[in-house]
Structure formats: C-alpha cells, structure tokens
Amino acid sequence: MSFKNNPDTFFQFRLARDLSMTVGELRSKMSSYEYNQWVAFYVYEQNEKNKAIALAQAESKKRR
C-alpha cells in the first residue's frame, strides 16, 4: 500500500491515530457525513497554519 498514491487512506490512518481508534473502528463507527466534516476541518486547519506561516515569513523579510 502506498499512502503517497492514496491520500484518502493516508487521512483515514491519521484521523484514526488522532482519535485513538483503529482504522477499522473509524470505518465502522463514523458516518460518511462526519468523516467528510473531519476532512473539511483538517483542510481548514492546514490552510490557517499555512496563512500564519506566510505572514510570519513576510514579517521576517520586512525586518531584514
């Protein structure tokens, strides 16, 4: 299995780890609606982190 070629499987393992579940538990206990909400949350969270990093880098360049 290659996580690089299957981002959905990669995300399932990441989410299961973060929720202290196995992937099997995640797949059997979580609705597809909730799963998609988690995907949206992680995407939003990463976008916010990326914005913060970009702002910090821009501020750093101003000081030089």
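Quick notes
- Placing unit charges on the Cβ atoms of the charged side chains and taking the dipole of the chain about its Cα centre, the candidate lying farthest along the positive direction among S31, L55, P7 is L55.
- The chain - charge dipole about Cα centre, Lys and Arg +1 at Cβ, Asp and Glu -1, debye rounded to 20: 520
- Degrees, to the nearest 10: 32-63 long Cα axis against longest axis of the chain: 20
- In the chain, the calculated helix contribution to ellipticity at 222 nm averages -26500 deg cm²/dmol per residue, counting -39,500 (n - 2.57) for every DSSP H run with n ≥ 4.
- Label separation (A56 vs V43): 2.5 nm, computed from points 7 Å beyond Cα along the C-beta direction.
- On Cα atoms only, tilt of 7-18 relative to the major axis of the chain in degrees: 90
- Portion, in percent, of the accessible area of the chain that falls on carbon or sulfur, probe 1.4 Å: 55
- Accessible area (Å², per residue) of the chain, counting only protein heavy atoms and a probe of 1.4 Å: 83
- Note on the chain: Rg/Rh from Cα positions, Kirkwood definition for Rh, rounded to two decimals, is 1.18.
- Spin-label pair R14-Y35: with each label point 7 Å from Cα along the Cα-Cβ axis, the two points sit 1.6 nm from one another.
The values are calculated or read from the model by the stated rules, or taken from the named source; none is laboratory data. Everything numeric in this text was worked out from a predicted model, so none of it was measured. Note: ideal-geometry Cβ built from the backbone for every residue, glycine included; neighbour counts use all protein chains shown. To get the accessible areas, we keep the full protein, side chains included, count just its heavy atoms, and leave off ligands, DNA and RNA. Shrake-Rupley method; radii C 1.70, N 1.55, O 1.52, S 1.80 Å.
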